[in-house]
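> Input: one structure, supplied below.
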Amino acid sequence: MVLYQYENHAPQVALESDDKFLSINYRKPVKYYPLRDNTKLQILGAVYGLEDVTKKVQAKIVHNRLLLSSNNQVFGDSWYGIQKSLVVVYRCGQNSPNMLIAKETYDPAYNSVNIKCIQ
């Protein structure tokens, strides 16, 4: 997974499986407005297995907190037979980006991702 950004445009995700070449194709930029509030959680990109799940992860933010499980029940099985990880690149407002990697869990009651921005 590579999270990249051209100038002030929205961050984009590129991904590829092992032993393959990763190509980054320029796409028409989306208007992007960085957050000013440093306590506001912003998901820049997320990948589970071979799938870009950024929009799914963004939709899981409740009250400025991301709490979810990293498993096929949540994200689907995009790479059958392979144990996957959820990679989330996020930031709090204008602060530097952070990355969280959560291995696939088989217990849907276990929340392997717990992110909250605080002052």
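The values are calculated or read from the model by the stated rules, or taken from the named source; none is laboratory data. The structure presented is a predicted model; accordingly, all values stated were derived computationally and were not measured. Ideal geometry is used to build each Cβ from the backbone, glycine not excepted, and the neighbour counts take in all protein chains shown.
> Among (1) surrounded by 15 or more Cβ atoms within 10 Å (Cβ to Cβ); (2) more than 16 Å from the chain's Cα centre (by Cα); (3) part of a helix (DSSP H, G or I), there is one condition D77 misses while meeting the rest; what is its number?
The single condition D77 does not satisfy is (3).
> Check V88 against each of (1) assigned to a strand (DSSP E or B); (2) buried (at least 16 other Cβ atoms within 10 Å of the Cβ); (3) without any contact (Cβ under 8 Å) to a residue 40 or more places away in the chain and name the one condition it does not meet.
(3) is the only condition that V88 fails.
> A further question follows. Considering only region 85-103, I want to know if a residue exists there that is β-branched (V, I, T), at pLDDT 85 or above and more than 12 Å from A46 (Cα to Cα).
There is no residue in region 85-103 that is β-branched (V, I, T), at pLDDT 85 or above and more than 12 Å from A46 (Cα to Cα).
> Which of the residues that make up region 45-73 are free of Cβ contacts under 8 Å to residues at least 12 places away in the same chain and not small (G, A, S)?
Once the filter is applied, which keeps residues that are free of Cβ contacts under 8 Å to residues at least 12 places away in the same chain and not small (G, A, S), region 45-73 yields K55, K60, V62, H63.
> Output the residue which, of all residues in region 37-60 that are of a type in the set (S, T, N, Q) and touching a Cys at 6+ places or on another chain (Cβ under 9 Å), is farthest from I118 (Cα to Cα).
Q42
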